[in-house]
Each structure stands twice: as C-alpha cells, then as structure tokens.
Amino acid sequence: KMVYEQSKSSLLARYNWTFAITTSRLTRLDTNELIDYQYSYQLPADFLRLVGVYSGTDTELIQISGLKPPFILEGDMIKSDVDTIKIKYVKDVDTVATFSPLFVDCFVLDLAIRLTKLFNSSTTYLQMLTMEFAQKIAEAKISDCQQTMLNQIRSYPLLFSTWEF
C-alpha cells in the first residue's frame, strides 16, 4: 500500500499504454495575465503525460514558427495561440480490471523492485528483478507496436529513436 500509487502512476507515465490513452477537448480558462500566448487551457484531473495536441480541426500542433513552439505545458495548463485544443494523453487509470496483462506484469515487477529497495533486500535479487522488468517493458513495447500504426512511428525519426527498436 505504501508504494502502490506511486508505482502505478510512474509506470503509466513512463510509456504510452494503449489502455490508458484517451482524448479530451480542453476547457479554455479566462486568464488576462498571459504573456507569451493568447489562451490557456485546463488539463484534465487524471492527466499524467501528453501524447498529442490537436487544434479544433484535429490538425496536430507540431509546427514551430520562428522560435515559438505551438504550445507549452505549465503546471496544470497548456498555453497556446490556438483557440480550440484537443489532447491525446495518458490518464491515471484506477480500475485494475482495465489494466492490460503486460502492464500488470511490469507493475508487479516495479512493485517488487520498490519493496526490495525499501527493505534493503538482496542486491542480487534486485538486479534480477531489474533485468526482468527491462525485458517485460521491451516486450510490452513490441506488443503495443503491433497494435498501433508502426509505419507512422517510423516516419518520424525523433519518435522512432525513442521507441528503442
């Protein structure tokens, strides 16, 4: 119970688990104190990590004009000059029944690693758990790529390099 929530949220935020990805049209905030951008939007309460940002026309906001990015994250807000924003994000999932089997494998190992560190258990056992965890994360990434559009990922060199193929 001591490490459960931290482990779950950390593992969810570490990777784009398909079961935890959702989209949301953001609510624009009434703020007169903005300096760099025209609008600010409230992030959802269950937000863990951003996957994509889209305009009201569902166009992905990735173009940078000059030195100014199309949006920035600040605290629990996104700031942008776009008047309507929808995001794709990793949410904090609390319903265990919705966890994918590969996530559960990784989650159990992450909990074991944290508890082993907490109780100063064997370093050999900790190394074994860490290696098994790295293998399970790699398996999850491969499985997930089979479910998603791998060709689109490969068409973006920056994304491709972060997926560790």
Among the residues listed as T59, T84, T95, the single one being farther than 29 Å from K141 by Cβ and not hydrophobic (A, V, I, L, M, F, W, C): T84
Residues (in contact with a Leu (Cβ under 7 Å, 6 or more places away or on another chain) and part of a strand (DSSP E or B)) located in the range 11-59: S40, Y41, Q42, L48, L50, V53, Y54, S55
Failed condition for V104, given (1) open to solvent by less than 70 Å² (accessible area, probe 1.4 Å); (2) touching a residue at least 24 places away in the same chain (Cβ under 8 Å); (3) of a type in the set (A, V, I, L, M, F, W, C): (2)
Qualifying positions in the range 15-45 - closer than 30 Å to I142 by Cα, loosely packed, with under 15 Cβ neighbours inside 10 Å and without any contact (Cβ under 8 Å) to a residue 60 or more places away in the chain: A45
All helices (runs of 4 or more DSSP H) inside the range 103-165 with 2 or more residues being touching a Phe, Trp or Tyr at 6+ places or on another chain (Cβ under 7 Å) and at pLDDT below 80: 150-154
Residues that are of a type outside the set (A, V, I, L, M, F, W, C) and within 15 Å of L48 (Cα to Cα), drawn from the range 79-94: K88, Y89, K91, D92, D94
Scan of the range 74-87 for residues that are over 14 Å from T57 (Cα atoms) and of a type outside the set (D, E), ordered by number: G75, M77, I78, K79, S80
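The values are calculated or read from the model by the stated rules, or taken from the named source; none is laboratory data. Computed from a predicted structure; not experimentally measured. Using ideal geometry, Cβ is built from the backbone for each residue, glycine included, and neighbour counts are taken over all protein chains shown. Note: accessible area is taken over every heavy atom of the protein model, side chains too, but ligands, DNA and RNA are not part of it. Shrake-Rupley method; radii C 1.70, N 1.55, O 1.52, S 1.80 Å.
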